[in-house]
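Reviewing the structure listed below.
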Amino acid sequence: MANSLIRKLDIKEKLVCLFMDIPADYMDLLGGGLPEGARWGEDEPLDFIHVFVERPNELSDTFKYLKAILKQTGMLWMSWRKMQSDKMMDMKS
């Protein structure tokens, strides 16, 4: 599963990555961490961002911030937890 998720998200070596508000088991789903050569970033120009939101109003404000730190050629994944999640939310897929 880990390799398929990394492949699906297109996380490759040399990418500078940021993950925000991720579920507790997210790193396990990635196989415990980033592929060799990829690294964590924060406020620098980023190649890859995956953020989880719980409410629709978070999308707008979060997107503005992330757009400012994402490289023009970068990837942005915005996800929300499924309705079966242990957290209540007001978003539907």
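Can you tell me which residues in region 16-75 are without any contact (Cβ under 8 Å) to a residue 24 or more places away in the chain and touching a helix residue (DSSP H, G or I) at 6+ places or on another chain (Cβ under 7 Å)?
33
Scan region 34-48 for residues that are of a type outside the set (Lys, Arg) and surrounded by 11 or more Cβ atoms within 10 Å (Cβ to Cβ) and jot them down.
Scanning region 34-48 gives 34, 35, 38, 40, 41, 45, 46, 47, 48.
Against the definition (of a type outside the set (Ser, Thr, Tyr) and at pLDDT below 90), how does residue 13 come out, yes or no?
Here the answer is no, as residue 13 does not meet what is asked.
Which residues, taken from region 18-49, are part of a loop (DSSP other than H, G, I, E, B), of a type outside the set (Asp, Glu) and over 21 Å from residue 73 (Cα atoms)?
Within region 18-49, 22, 23, 24, 30, 31, 32, 33 meet the criteria.
The values are calculated or read from the model by the stated rules, or taken from the named source; none is laboratory data. Note that the coordinates shown come from a computational prediction; the quantities given were computed from them, not determined experimentally. Methodologically, a virtual Cβ is constructed for each residue, glycine included, from the backbone with ideal geometry; neighbour enumeration extends over all protein chains shown.
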